[in-house]
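This report concerns only the one structure given below.
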Amino acid sequence: MVEDNNLETRLAEQDEFEPPAEFVEQANVTDEGIYEEFEENWPGCWEQAADLLDWYDDYDQVLDDSNPPFYEWFTGGKINASYECVDRHLDDRGDEVAIEWVGEPTEEADRSITYEELHREVNEFAAALRDLGVGEDDVVTMHMPMIPAHPIALLACARIGAPHSVVFAGFSANALAERMNAADSEYLITADGYYRRGDALDHLSKSREGLEDVDHDVETVVVDRLGDDGPGHDLHESEHDYDDLVAEHEGATVEPVERDAEDMLFLMYTSGTTGQPKGVKHTTAGYLAWTAWTSQTVLDIKPEDTYFCSADIGWITGHSYIVYGPLALGTTTVMYEGGPDYPERDRFWEIVEDLDVTQFYTAPTAIRSFMKWGSEYPGRHDLSSLRLLGTVGEPINPKPWKWYYKHIGGESCPIVDTWWQTETGGHMITTLPGVSNMKPGSAGPPVPGVDARVVDGDGEEVPSGGAGYLTVDKPWPGMLRTLYKNDERFIEEYWAEYSDTDSDDPDDWVYFPEDGAKIDDEGYITVVGRVDDVVNISGHRLGTMEIESAVVSADGVAEAAVVGADDDIKGEVVHAYVILEDDAGGEDAVRAAIEAAVEDKIGPIARPSKIIFTPELPKTRSGKIMRRLLEEISDGEELGDTSTLRNPEIVADIQAEVRGN
Ligand code: ATP
Ligand code: MG
């Protein structure tokens, strides 16, 4: 016990961690010279990424920057994403598992889909889609749960050159209709339902409801996931059963369509924490090169690995790092249908142990839940197969980082804290796990070849130790090419802020991700959140993330969200919304600990004027805290759109709590 306490203290104080020696010995990248090498040979360095792919026709040019910001990569090259992710592995790895699928019901057997089997099913379904009328460049929408047919459908579309547009299954009928209309999509792939926390949920009714608001005819494919547990829908005339289609095309093969490097691979509408959804367009070669190369370099994926990313394919993380990146490298990728706490809070760890998972990639929101639940759950399992951990989606505070490092990684796995966006296609800022030291809370340096900077309002770089806005000053292969059918909004949203938009010199164009960040004297970037997540107290601008980090470091706090509430005198004051750990002491003790931690780490100026305890925070369906809503609650304002919330029912409780506070 004494020893354990010492360990806790040491961990709490340690702010830099070396890559574990055992990891470095086997890592894909260990030479720190890669940074300089890429800088000196830019953009030619990206041939390294392109070399991970097999090309029908080689490209003529790495980067065509003649018409910024409409950059083109690997122009002249011909490629097919389905071929890259499936066919080319058949000779060496045909009998190896491509997708290890785990359904939620524990009594259901896992499905291990070999590359051979994946090839067969992708071909059969591609043939079926063609027969339904899907042609090259037709947008196919998917509104699918985490079942094998989902990645199969993605790859089948890629095979015939039909871009996919995936709408997260948790999204509403309305969100589906809006996206299908925006993309003029005449095909939908959905399912009867799926399992969540032991219940068989009806999904088809929701998809059908969405279709009622689609302004053109749609052919629909329905996967029968639930069988007898399902709601027993009789299919309509325009609805086709997935199994029937595949059976009708048994043994069919479809030649992969040779796509131009710059042909669209998919569209993805961003989650819409802000405003109208944006149809982010990704193309074939640059995106695939980017996801394959970062999977190899950052996630350290090797073909013989069993890699588990707990995201949903409905998010960009699932596209890039469950499907395309890992399969392009010919590894085994795990996909899990259900929730982390079903049947118990150790489900992920059970999967890790059963399958000997080597890399585990998840989001801070999940890690905070694991921490709140306590270390006994991972403690029940042998997690020694793990070699690397990753996180993405939000900033992660040092406390959950260290918890993850210790209780999941056993202090022997590097953690990659990967900053990126739907728009960037793949990782942009993160340590390289076999090269750089880790600093909990800071994502790290930009990946080699990426020109990310922290600048002030005028676009001048801030000195080390400074804070400002994140920019990316040079293009990269995985970047979005435009917003679907809206070049103007593309420029306005991402470029106008720091670019000379009249110029055709690429040096005058700067990408603005709309995130705030800090940079230290070693070039480590800490992304503090969206630019609007700042509190202005008596003229001092403080990042909510920094204050949150202090709040969360207090004993008894599992998770916190900090917002600026209007104040007559100071302009704004800090309100902290706090979730207690399951074994926390009384509220008063925790309140005192929070105040002390904030004063100590930031100063009395940031001390919360209100601390509101709540069992949950309002979160989007991708698990991000919706601070905007909390700010409205703090200010007693009418609430804006709550339709993208995962837990809308919590809002009224929090409002009542604030009023009574
Ligand atoms: P929308 O753009 O529709 O408002 P969104 O920005 O939440 O939604 P994503 O593209 O999924 O949609 O998320 C990207 C954002 O997530 C980044 O801009 C950043 O704010 C945050 N983010 C992702 N990874 C990290 C990380 N490792 N550290 C800090 N922030 C991160
Ligand atoms: Mg965004």
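The values are calculated or read from the model by the stated rules, or taken from the named source; none is laboratory data. Worth saying up front: this structure is predicted, and the values here are computed from it rather than measured. Every residue, glycine as well, gets a Cβ built from its backbone with ideal geometry; the counts of neighbours run over all protein chains shown. We work out accessible area using only protein heavy atoms, side chains counted, and drop any ligands, DNA or RNA first. Shrake-Rupley method; radii C 1.70, N 1.55, O 1.52, S 1.80 Å.
Find the relative contact order for segment 237-287 and round it to a whole percent, using C-alpha pairs within less than 8 Å whose residues are 6+ positions apart. Don't skip to the answer; put the middle values down first.
Working: 42 pairs, mean separation 16.1, N = 51.
Across segment 237-287, relative contact order equals 32 percent.
Kindly identify segment 535-660 as rounded, prolate or oblate by the Cα gyration tensor criterion: order the square roots of the eigenvalues as a ≥ b ≥ c, call it rounded if a/c is under 1.5, otherwise compare a/b with b/c, prolate if a/b is larger, else oblate.
Values: a/c = 1.69, a/b = 1.15, b/c = 1.47.
Note, shape of segment 535-660 comes out oblate.
For the pair SER112 and ASP229, how long in nm is the line joining their label points, each one 7 Å along Cα→Cβ?
A separation of 2.3 nm, rounded to one decimal place.
Setting aside same-chain residues fewer than 8 positions from LYS78, which lysines have a Cα under 20 Å from its Cα?
LYS281
Relative contact order of segment 467-537, please, whole-number percent, based on alpha carbon pairs below 8 angstrom and at least 6 residues apart.
Across segment 467-537, relative contact order equals 36 percent.
Taking a probe of 1.4 Å, how large is the accessible area per residue of the chain, in Å²?
38
If I model a spin label as a point 7 Å beyond the Cα along the Cα-Cβ vector, how far apart are those points for GLU461 and ASP487 in nm?
Calculated label separation equals 3.2 nm.
If I compute solvent accessible area with a 1.4 Å probe over the protein chains, what percent of it on the chain is carbon and sulfur?
Reported share for carbon and sulfur atoms: 40 percent.
Amide H to amide H under 5 Å from TYR484: which residues, 5+ apart in sequence or cross-chain, H placed 1.01 Å off N in plane?
Amide H neighbours of TYR484: GLY279, VAL280, LYS281.
Any chance you could run the full-extension gain for ASP202 through GLN61? It's 0.36 nm times the residue separation minus the Cα-Cα distance, nm to one decimal.
Extra length from ASP202 to GLN61 when fully extended: 45.9 nm.
If I stretch the segment between SER375 and THR253 completely, what's the gain in nm (0.36 nm per residue apart, minus their alpha carbon distance), one decimal?
The span from SER375 to THR253 would gain 39.0 nm if fully extended.
Out of the DSSP beta bridges found with both residues in the chain, what percent are antiparallel (nearest 5)?
60
With a 1.4 Å probe and all protein chains kept in place, how much accessible area does GLU248 have, in Å² rounded to the nearest 10?
130
Set the bar at 31 Å for Cα to Cα. Now go through LYS406/LYS619; LYS206/LYS372; LYS399/LYS619 and name every pair that lies beyond it.
Checking Cα-Cα distances, LYS206/LYS372 exceed 31 Å.
Need the C-alpha centroid separation for segment 131-145 versus segment 163-239, integer Å.
When both Cα centres are located, 13 Å separates them.
For every helix of n ≥ 4 consecutive DSSP H residues, a contribution of -39,500 (n - 2.57) applies; sum these over the chain, divide by its total residues, and give [θ] at 222 nm rounded to the nearest 500 deg cm²/dmol. Kindly include the intermediate steps, with their values, before the conclusion.
Working: 22 runs with 194 residues, N = 661.
Result for the chain: -8000 deg cm²/dmol, rounded to the nearest 500.
Considering amide H positions built from the backbone, and no H for Pro or chain starts, which residues 5 or more places from GLU559, or on another chain, come under 5 Å of its amide H?
When sequence neighbours closer than 5 places are left aside, the close amide H contacts are ILE579.
Starting from the residue with the highest accessible area, list GLU108, GLU255, GLU394 in decreasing order, probe 1.4 Å.
Order by accessible area, largest first: GLU255, GLU108, GLU394.
At 1.4 Å probe size, what's the solvent-accessible area of SER622? Round to the nearest 10 Å².
Here the residue's solvent-accessible area equals roughly 30 Å².
So how far apart, in nm, are the two label points at ASP51 and GLU39 if each is 7 Å from Cα heading toward Cβ?
About 2.2 nm separates the two model spin labels.
Among rounded, prolate and oblate, which fits segment 246-383 when a ≥ b ≥ c are the square roots of the eigenvalues of its C-alpha gyration tensor, a/c under 1.5 means rounded, and a/b larger than b/c means prolate?
Prolate.
Based on alpha-carbon centroids, what's the gap between segment 611-661 and segment 73-115 in Å, whole number please?
41
Given a Förster distance of 41 Å, report the FRET efficiency between ARG10 and SER643 from their Cβ-Cβ distance, rounded to the nearest 0.05. Each step should come with its number before you reach the end.
Details: r = 46 Å, r/R0 = 1.12.
Using R0 = 41 Å, I get an efficiency of 0.35.
Taking R0 as 22 Å, what's the FRET efficiency between ASP137 and SER238 from their Cβ-Cβ distance, rounded to 0.05? Intermediate values should be presented prior to the final figure.
Working: r = 21 Å, r/R0 = 0.97.
My answer for the efficiency is 0.55.
At 1.4 Å probe size, with no ligands or nucleic acids counted, give the accessible surface of THR294 in Å², nearest ten.
Near enough 0 Å² of accessible area.
Which whole-number percent is the relative contact order of the chain (Cα, under 8 Å, 6+ apart)?
12
Scan around ASP312 for amide H atoms under 5 Å from its own, H built in the peptide plane at 1.01 Å from N, and keep only partners 5 or more places away or cross-chain.
Long-range HN contacts for ASP312: GLY318.
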